[in-house]
Amino acid sequence: MDQDFKSELSQMEHRLTEMEEKIDGIDSKLTQVIDAILGNRLTKAGGFMHDIEVLKEKIVTLEKKQEKDDEFKKKLTWGVGLIVSIGLIIQYILNVYSNFK
């Protein structure tokens with residue numbers, strides 16, 4: 001009976017040790033996942049969240065550049081249109097003046 005009790009206690013101790021090792025393994029894997037997502041301040045690893053923030057900043061910068069390019073295209077189009085219009089008006093006036101003489 002005493003031997004059975006010691007054997008059972010030894011088995012329980014072994015199972016407890018296995019469970020502790022598994023929990024430690026899960027904890028370390030969870031820590032790795034959290035570091036990958038949120039980043040690790042000690043190792044200066046950014047993680048996915050940092051990458052997303054960087055991408056957001058780059059998108060905002062690209063949107064601003066695109067907006068400036070669109071404004072430039074509008075100004076260029078209006079400028080060319082204005083020059084062509086002035087040229088056509090001058091040509092019309094010269095034609096009218098030539099016909100008037």
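Can you confirm whether K56 is surrounded by 10 or more Cβ atoms within 10 Å (Cβ to Cβ), within 30 Å of A36 (Cα to Cα) and at pLDDT 90 or above? Considered against the rule, which asks whether it is surrounded by 10 or more Cβ atoms within 10 Å (Cβ to Cβ), within 30 Å of A36 (Cα to Cα) and at pLDDT 90 or above, K56 comes out as yes. Scanning the stretch 55-101 for residues that are of a type in the set (D, E, K, R) and over 32 Å from the mean Cα position of the chain (by Cα) turns up just one, K101. Within the stretch 40-49, is even one residue in contact with a Leu (Cβ under 7 Å, 6 or more places away or on another chain) and in contact (Cβ under 8 Å) with a residue 12 or more places away in the chain? For the stretch 40-49, residues in contact with a Leu (Cβ under 7 Å, 6 or more places away or on another chain) and in contact (Cβ under 8 Å) with a residue 12 or more places away in the chain: present.
Do any residues in the stretch 16-37 that are in a helix (DSSP H, G or I) have Cβ atoms under 8 Å from those of residues that are surrounded by 10 or more Cβ atoms within 10 Å (Cβ to Cβ) and among the aromatic types (F, W, Y), where the two are at least six apart or on different chains, and which pairs are they? From residues that are in a helix (DSSP H, G or I), the pairs are A36/F48; I37/F48.
The values are calculated or read from the model by the stated rules, or taken from the named source; none is laboratory data. Predicted model, so just to flag it, every value in this text is computed and none were measured. Note: ideal-geometry Cβ built from the backbone for every residue, glycine included; neighbour counts use all protein chains shown.
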